[in-house]
Amino acid sequence: MASDDAIATLDKVVQDALTYFGGPGRTTSARVDRWQARDVLMHFIYFHDATAWGIQSAAQDGPPWPVPADADTVNEVSRRLHEHESLEELLTQVRQAHARLKRRDHDGTAAARAARAALERARPRVAGGGESLTARRQRSNPSVSD
């Protein structure tokens, strides 16, 4: 299932990032545009949490969870919010954000299951006139078929 692959990939990326920032990323002088490695870790915290918020919203048939500004603005706000924190504190926050995605909800379902369900509901379907519909929009208009 494609959603299982996406979740496994997300988990691998997080683990790779934690390994990098716990090792060579501590002292690297590498930059991405104007961002130092430490800045990228700060961005990672925001975007990881935003992903979790969006997944949970979609799993509850809630609204899309948009990014509140352009990426550079969000990244700069994240950097300013976290600039006083140690690398260990930043790594802990990434681990916590990732654990929130993997935790079990009160009903015993994992957030990963919610992500799979959200991905399934969001899968575009094509309506009669070539209009693209999400499963949620299709449920609200049952006269439209796959």
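Only the coordinates and a few stated rules stand behind these numbers; no lab work does. On a predicted model such as this, the values are computed, not experimentally measured, just so you know. Quick reminder, even Gly has a Cβ in these numbers, built from the backbone with ideal geometry, and neighbours come from all protein chains shown.
Taking 0.36 nm per residue of separation and subtracting the Cα-Cα distance, full extension of the segment from Arg26 to Val74 would add 15.0 nm.
Label-to-label distance for Thr51 and Lys12 is 1.3 nm, based on points extended 7 Å past Cα in the beta-carbon direction.
Cβ crowding within 10 Å, taken as a proxy for footprinting-reagent exposure, orders His98, His84 from fewest neighbours to most as His84, His98. Straightening the chain between Asp61 and Glu89 buys 6.7 nm, computed as 0.36 nm per residue apart minus the Cα-Cα spacing. Label positions at Ala99 and Asp33, each projected 7 Å from the Cα along the C-beta direction, are separated by 3.2 nm.
Please report the net charge: other residues with Cβ closer than 13 Å to the Cβ of Glu83, K and R +1, D and E -1. Provide the component values of the computation, followed by the final result.
Working: positive: Arg38, Arg79, Arg80; negative: Asp39, Glu76, Glu85, Glu89.
For residues surrounding Glu83, the net value is -1.
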